[in-house]
Amino acid sequence: MTNTDVVVIGLGVIGLSTAGALARRGNTVVGIDRWGSGHPVTSSTGASRSIRVAYDDERYVRLAREAFEGWRRLEASQGVSLLVETGQIDLGPDGKLDALAVAMRAAGVPFDELDASGIRGRFPELATRAGERALFHPEGGTVLADAAMRALTADAVGAGAALSMPERCIAIETVADEVKVVTDLRTVRAARVVIAAGPWSGELLHSVGIDLPLAPAIAQVTFLRAPQLVDRPGLADWLMHDGVGVYGHPVPGLGYKVAFDAGSDQPWLPDVEEWQPDLAEQDRLVAWLAKRMPTVEPLVALTQRHPWTMTPDGDFAIGRRGPIVVAAGCSGHAFKFGPALGSLVADVAEDVAREDLGLFSLDRQAMRTGQASPSTPISR
């Protein structure tokens, strides 16, 4: 039997960040993952993710700025480049833009309000509608996700965390204030267990009597071969395409990544080892591109599908029930927050009080009375 202070189940971006944060604080940490960090069937797979601080809640804005600091520290400590900071343009209804502006202003984030001419100045390929306005903030762009996962792994191991993958959790047994995690390789005994297993979290939590409204979904992203866009800002076109938004960001060496901000109705299956692209969804995205960037040739380099897990309100589910720490419900927008969420989950594991925990509480009204849907657009 292996004894440790904390077991982290799931080594995606949140699990790795949490393992590293806890190990740096002097805890002994064992981390396991059924598939392996960044595996194509997991939520933390792929070459890149958007990063931005434009949120309509000041707490998210501050958390995003904390994440930026964390990614920069990781760049410095690991000697790698993880951020491509080209800024971000947000387009959408006035109410959405006004809410973003209020939250950024409250957090002291600089941004510009753009008319159609200003939008074209920042993103010449972007077609605008009559009277359209937008916001631009410089603290946005791209996280190089695959490089980030390697850096987080090296950081956690360097801090002393013992990571094992592939290793599958078979059962979790709670006895008083102690937990036993039974895997396909061994039994691990710990004072705390962090469940950060993405779409597999719901089943693991149910096994220890914790039932939360979590809805795994399958999302799709498309990489465009468009070298003229590699230095363009990230983009959020909020609720502008049949009630669903589109987001995108530059990808060095290739072009631009674009995707709808909602998962599909295709059911997530826990044992699928590869998700095939939905070409009809890809065609709908290309149709959006033809309207929004008519001068950009729609050369698709790659389309990928991977899971994410929605909550009823699009906010994460983070909290503790006895020795079980929950870090779930990425809701399609968690990767950018990786280092900040690692610190937050570590605080929960160590009973450190934080003012922003209410946003992610397991007991908030949406988690008590709401129902999550796989195809709900990312509201954040």
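For region 202-254, calculate the relative contact order in percent as a whole number, restricting contacts to Cα pairs under 8 Å that are 6 or more residues apart.
Reported relative contact order: 29 percent.
Going by accessible area, probe 1.4 Å, with all protein chains left in place, what is the ranking of Trp238, Trp268, Trp71, largest first?
Descending order: Trp268, Trp238, Trp71.
Give me the accessible area of Asp115, 1.4 Å probe, in Å² rounded to the nearest 10.
Rounded to the nearest 10, that gives 90 Å².
Rounded to the nearest 0.05, what FRET efficiency do Gln365 and Arg284 give with R0 = 45 Å and r taken as the Cβ-Cβ distance? Could you check?
Efficiency computed from Cβ-Cβ geometry: 0.85.
At what distance in angstrom do the alpha carbon centres of region 4-25 and region 219-268 lie from each other?
If you average the Cα positions of each part, the centres end up 30 Å apart.
If each residue of separation counts as 0.36 nm, what is the full-extension length gain between Glu132 and Val272 once their alpha-carbon separation is subtracted?
46.1 nm
Compute, for the chain, the length of the dipole vector about the Cα centre, with Cβ point charges of +1 (Lys, Arg) and -1 (Asp, Glu) only. Units Debye, rounded to 20.
Here the chain has a charge dipole of around 460 debye.
Quote to one decimal, in nm, the extra length available between Arg25 and Ala191 on full extension: 0.36 nm per residue of separation minus the C-alpha distance between them.
58.2 nm
In whole Å, how far is the Cα centre of region 299-372 from that of region 99-119?
Spelled out, the Cα-based centre of one part sits 26 Å from the other.
Using alpha-carbon pairs under 8 Å, 6+ residues apart, how would you state the relative contact order of the chain in percent?
23
Give the label of the value calculated from the structure for Rg and Dmax of the Cα atoms in Å, choosing from (1) 29.0, 104; (2) 20.4, 62; (3) 20.2, 67.
(3)
Calculate how many DSSP beta bridges within the chain are antiparallel, expressed in % of all such bridges and rounded to the nearest 5.
Here the share of antiparallel DSSP bridges comes out near 70 percent.
With every protein chain present, what accessible area does Thr295 have (1.4 Å probe, heavy atoms only), rounded to the nearest 10 Å²?
Rounded to the nearest 10, that gives 110 Å².
Any idea of Asp237's accessible area? Nearest 10 Å², probe 1.4 Å.
Rounded to the nearest 10, that gives 0 Å².
Count neighbours as other Cβ atoms within 10 Å of each site's Cβ, and list the trypsin sites (Lys or Arg not before Pro) in region 273-376 that are DSSP loop with at most 15 such neighbours.
Taking region 273-376 and a limit of 15 other Cβ atoms within 10 Å, the loop trypsin sites (Lys or Arg not before Pro) found are Arg354.
Test of the criteria: in region 260-365, which GluC sites (Glu not before Pro) are in a DSSP loop and have at most 13 other Cβ atoms within 10 angstrom of their Cβ?
Taking region 260-365 and a limit of 13 other Cβ atoms within 10 Å, the loop GluC sites (Glu not before Pro) found are Glu273, Glu274.
How high is the relative contact order of region 37-192, given as a whole-number percent (alpha carbon pairs under 8 Å, six or more residues apart)?
Once divided by the residue count of region 37-192, the mean separation gives 26 percent.
Per residue, how much accessible area does the chain show when a 1.4 Å probe rolls over the protein heavy atoms, in square angstrom?
About 39 Å² of surface per residue is accessible.
The values are calculated or read from the model by the stated rules, or taken from the named source; none is laboratory data. Keep in mind that this is a model prediction, so the values were computed, not measured. A quick note on method: Cβ atoms are made from the backbone with ideal geometry, for glycine too, and the neighbour counts reach across all protein chains shown. What goes into the accessible areas is simple: the full protein's heavy atoms, side chains included, and nothing from ligands, DNA or RNA. Shrake-Rupley method; radii C 1.70, N 1.55, O 1.52, S 1.80 Å.
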